[in-house]
Amino acid sequence: MSLDPSEALSETLGTALAAGEPVALVTVSEALGSTPRAAGTAMLVMPDRFAGTIGGGTYEWAGIARARQLLAAGEAEAILRRPLGPETGQCCGGHVTLSIHRADAGTLAALRASEAESAARAPLVMIYGAGHVGRALALALDPLPIRTRIVDERPEEIARVSGAQIGRA
């Protein structure tokens, strides 16, 4: 079972750790050649669900299975190296190394810092006007890895906006 993709991994991790649930962080530590996702891409794995994606396919399922094995065995970390060719059910042709770590409070702090840094580097899209077009555009841009700011002097229109930071002209 996958979790809501719109929730930040740090939110999911914080909730799981607060509940005392074991969690593994699976990170693409090396991506050589053609691979679904770049190095640094991460996902969380719990005994009965996962959040995020490292690119899908059989190598993601192998990463999930190895993370669950790590959690069940009480291990702290593991490495999984996977070629991505026809013999493994992947057609990419590259090679991926996954780093799997049991998550803790330090992992949560590092993940929060990484997410904040990524958000700060994201491009900014300014939308001038919070009317129906501005609202629709802000909502459409919301799932993308960008920051959106909407500027309008009409408080009643600003109140109707979702998916954007709000500014005043």
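The set of residues from the stretch 84-93 being out of contact with any helix residue (DSSP H, G or I) (no Cβ under 7 Å at 6 or more places or on another chain) and either open to solvent by 60 Å² or more (accessible area, probe 1.4 Å) or touching a residue at least 12 places away in the same chain (Cβ under 8 Å) (or both) comprises Pro86, Glu87, Cys91, Cys92, Gly93. Of the candidates Arg68, Arg135, Arg81, the single residue that is in a helix (DSSP H, G or I), open to solvent by 60 Å² or more (accessible area, probe 1.4 Å) and either more than 19 Å from Ala38 (Cα to Cα) or charged (D, E, K, R) (or both) is Arg68. Against the list (1) in a helix (DSSP H, G or I); (2) over 29 Å from Ala65 (Cα atoms); (3) open to solvent by 50 Å² or more (accessible area, probe 1.4 Å); (4) of a type in the set (A, V, I, L, M), the condition Ala110 fails is (2).
Val96 meets the conditions (1) within 18 Å of Glu11 (Cβ to Cβ); (2) open to solvent by less than 60 Å² (accessible area, probe 1.4 Å); (3) touching a Leu at 6+ places or on another chain (Cβ under 9 Å); (4) not basic (Lys, Arg) in every case but one. The failed one is (1).
Okay, residues lined up against (1) touching a strand residue (DSSP E or B) at 6+ places or on another chain (Cβ under 8 Å); (2) modelled with pLDDT of 90 or more; (3) at positive phi:
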site: Gly57; (1), (2), (3): no, no, yes
site: Ala72; (1), (2), (3): no, yes, no
site: Leu80; (1), (2), (3): yes, yes, no
site: Pro83; (1), (2), (3): yes, no, no
site: Cys91; (1), (2), (3): no, no, no
site: His101; (1), (2), (3): yes, yes, no
site: Ala105; (1), (2), (3): no, yes, no
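Checking the structure you have, find out if any residue of the stretch 120-127 is more than 22 Å from Ala38 (Cα to Cα) and either β-branched (Val, Ile, Thr) or surrounded by 14 or more Cβ atoms within 10 Å (Cβ to Cβ) (or both). Yes, some residue in the stretch 120-127 is more than 22 Å from Ala38 (Cα to Cα) and either β-branched (Val, Ile, Thr) or surrounded by 14 or more Cβ atoms within 10 Å (Cβ to Cβ) (or both).
Can you pull out the residues in the stretch 19-48 that are closer than 14 Å to Glu77 by Cβ and either open to solvent by 40 Å² or more (accessible area, probe 1.4 Å) or of a type in the set (S, T, N, Q) (or both)? Passing the criteria: Pro22, Thr27, Ser29. Annotation for the stretch 118-128: at least one member residue is within 30 Å of Thr15 (Cβ to Cβ), within 24 Å of the chain's Cα centre (by Cα), of a type in the set (A, V, I, L, M) and in a helix (DSSP H, G or I).
Could you list, in sequence order, all residues of the stretch 5-16 that are surrounded by 14 or more Cβ atoms within 10 Å (Cβ to Cβ) and either over 17 Å from the mean Cα position of the chain (by Cα) or assigned to a loop (DSSP other than H, G, I, E, B) (or both)? Of everything in the stretch 5-16, just one residue is surrounded by 14 or more Cβ atoms within 10 Å (Cβ to Cβ) and either over 17 Å from the mean Cα position of the chain (by Cα) or assigned to a loop (DSSP other than H, G, I, E, B) (or both), namely Ala8. The single condition from (1) open to solvent by 60 Å² or more (accessible area, probe 1.4 Å); (2) under 21 Å from the mean Cα position of the chain (by Cα) that Ala76 fails is (2).
The values are calculated or read from the model by the stated rules, or taken from the named source; none is laboratory data. The shown structure was predicted, so the numbers you read here are calculated from the model rather than taken from an experiment. Cβ sites come from the backbone with ideal geometry, for glycine too, and all protein chains shown count toward neighbours. Heads up: the accessible areas ignore ligands, DNA and RNA and are worked out on the full protein's heavy atoms, side chains in. Shrake-Rupley method; radii C 1.70, N 1.55, O 1.52, S 1.80 Å.
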